[in-house]
1. What is region 155-253's relative contact order, in percent, from Cα pairs under 8 angstrom and six or more apart in sequence?
2. Under 10 Å, Cα contacts only: if you run a Gaussian network model on the chain, which one of 139, 62, 211 comes out with the highest mean-square fluctuation?
3. For a quick check: with amide H placed at 1.01 Å from N, whose amide H comes under 5 Å from residue 53's, ignoring anything fewer than 5 positions away on the same chain?
4. Which pairs break 21 Å Cα to Cα here: 229/276; 41/119; 119/218; 119/248?
5. Rounded to the nearest percent, how much of the accessible area of the chain (1.4 Å probe, protein heavy atoms only) is carbon and sulfur?
6. Cα gyration tensor of region 174-316, axes a ≥ b ≥ c as square roots of the eigenvalues: rounded (a/c below 1.5), prolate (a/b > b/c) or oblate?
7. What is the magnitude of the charge dipole of region 61-168 about its Cα centre, with +1 placed on the Cβ of each Lys and Arg, -1 on the Cβ of each Asp and Glu, and no other charges, expressed in debye to the nearest 20?
8. Between residue 302 and residue 60, what length in nm is gained on full extension when 0.36 nm per residue of separation is reduced by their alpha carbon distance?
Amino acid sequence: MNRFLKAFAIIGFITFLASCKKDDNNYTPPRDYNVQYASEKDSIKKYLKTHYMTVDADFNVQLDSIDPDNPRPSIWDQTEYPIDSVTVKLKDLAYYHNTTNTPEYKVYYIKFRQGVGDKPTRGDDVLVSYRGTRLDLTQFDYDPYPQSPLSLSSVIEGWQAIMPLFNAGTYVAEPNSPNPARYENYGAGIMFVPSGLGYYNTGSGAVGAYQSLVFSFKLYAVNYADTDKDGIPDRYEYDQDPNEDIGKVDTDGDYIPNYLDTDDDGDGASTKLELKIPGSSPTAYYTFDNAPDCSGDQTTASRRRLYLDATCKKKP
């Protein structure tokens, strides 16, 4: 995996999971998030209104600035692929709880195709081809033929916010055919990420501090993960609303979202222990679908499962 994409959040700002050690001499102290985003917000919107894109049949994207002598519809004004946005506020995510006074980031994105396969959560592994450029059109990262999945939990917040809005494709391998195996009907799009959801005050190589970034991508496949190894796949780590961003689901209010928490309800018994089927030999565990509530009911879809109910005490 190319080192430019990997990043994780620590105490309110995002830093690289780089394959080489960061040069401390290039460290840039973090600026106020609101002041920095106010500047970038204008720059991103200006970029969208002064650049155009061409998208081919395979959803490969070319970006360029508009020439006044040869005007074209801007990314902002073109209508073939309507531009959309989501709002992300870092302090709304439990694992950013030490970050205060962060802005509400508007992340613009465009769907070229939704996709027909699985939809990832921010904790799952995805097979993605992508190209990353700066607003000055400099390419800093490119992976057209990905060989292995990457974990969304270890990449920048912009990816974690946008990628779950798309579906993967379907894998096609034709026996005795000269055609190579391939993915079809995959999700494809482009996102415009402010630095607060990217690399912020850290950088490496062609990605400097405080740079807004553009990623075009194709989501080929999803491997569902169980990040905290508690027996509940990340896609089921919600409490009541299955559409909730799992980064915001923190049943016991301990500032650790359920998908990173081995004791989701904070009752002192691990989720894994609470999923153990009593009397089973060899040891067997409830799945998400058949995990009962406190009364033992396994039939009501809206029931609160025992590992999410601190009143359901189950000690080692």
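The values are calculated or read from the model by the stated rules, or taken from the named source; none is laboratory data. Keep in mind that what you see is a predicted model, and the values were worked out from it rather than measured. Note that each Cβ is placed from the backbone with ideal geometry, even for glycine, and that neighbours are counted across all protein chains shown. Please note that ligands, DNA and RNA were not included when accessible areas were found on the heavy atoms of the full protein model with its side chains. Shrake-Rupley method; radii C 1.70, N 1.55, O 1.52, S 1.80 Å.
1. Working: 128 pairs, mean separation 21.4, N = 99.
The value is 22 percent.
2. Among 139, 62, 211, the largest GNM mean-square fluctuation belongs to 62.
3. Answer set, sorted by chain and number: 75.
4. On the way: 229/276 14 Å; 41/119 28 Å; 119/218 13 Å; 119/248 18 Å.
Pairs exceeding the cut-off: 41/119.
5. Numbers: 7300 of 15340 Å².
It is 48 percent, rounded to a whole number.
6. On the way: a/c = 2.71, a/b = 1.53, b/c = 1.77.
The shape class here is oblate.
7. On the way: 10 positive and 15 negative charges, 67 e Å.
Using only the charged Cβ atoms, the result is roughly 320 debye.
8. Working: separation 242, 0.36 × 242 = 87.12 nm, distance 4.26 nm.
Going from the current span to full extension adds 82.9 nm.
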